[in-house]
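Taken together, the values in this text are just the output of simple stated rules run on the coordinates, not laboratory data. If you're wondering where the values come from, they're calculated on a predicted model, not measured in any experiment. Because the Cβ atoms are built from the backbone with ideal geometry, glycine has one as well, and the counts that use them run over all protein chains shown.
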Amino acid sequence: MISITGMLKKKRKVSSMFDIRKSAGFTLLEIMLVVIIIAVIVTIVTPRFHKTVTTVNLANTTQDIAQLMRYLRCQSVTENTMFQLKFDLTNKKYYAQKSSGGSSSTYNEVKKIPEGVNIALTLNPVNFYTDGSVDKVKIYLFKGNQEYFKDMGKMINKEFSVGQIQDLSDTEYIYTITTQPSIGRVEVETPKQE
C-alpha cells in the first residue's frame, strides 16, 4: 500500500506542476486586450509626436537660415564679394551663391526645407554686400495652411506686410526673420507662447 500512496503523491506533484505551467502563460483574450491598449495609446500619441517634430523642425530651420544670413554677411565683408541667399519655394530648398566678376556659383550645400515648414518672404534673392549691408527682407516661417501660402509665391520680389497675408488664424508658430539693411543685422522673432 505504501507504494500506491507514493505513486499518488508523485502524481499530485506532477499534476500540480502542470497547473503551475498552465497558469504561467497568457490567454488569447489577455494578449488581445494588451494589443488593443497599445493601439489606443499609439493612436493618441502619434499626432502629438508629429506636431512636436514639426515644431522642432520649424525652430531649427529658422535658426539655420538666420545663422546662414549672419555668416554670409561676414563672408561678404571678409572676401570682399557679394553673396546671395536664394529660396526655391517650389522645391522647398534654399542655398547661398557667391557672385564675383559677373559670375555666380553655389557657395554651400543646398538645404532642404523640412516637411511641414512653410516660408513666405518679401524679397528673393537676399543680397549681402561687401560693405556689410544687406537687402531689407522679412522672412516668415510657419506651419499651417500650405496651399494659401503657395499663392504668396506670386508676391515674391514685391514688398508686402503681415496685413497683406490675409488670414493667419489657421497657421501656427510664425517665426519672423528681419534684416536692418544699413548695418546688416539679422533678427529672429519667435512666436509668443500662450
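Net length available on complete extension from Thr55 to Gln67 is 2.5 nm, with 0.36 nm assigned per residue and the Cα-Cα distance removed.
Once the Kirkwood radius over Cα pairs is known for the range 55-129, the Stokes-Einstein relation at 20 °C and 1.002 mPa s delivers a diffusion coefficient of 167 µm²/s.
Residues Tyr175, Tyr129 in ascending order of nearby Cβ atoms (within 10 Å, fewest first): Tyr129, Tyr175. Most tightly packed first, judged by the mean number of other beta-carbon atoms within 10 Å of their residues, the peptides 64-76, 25-37 read 64-76, 25-37.
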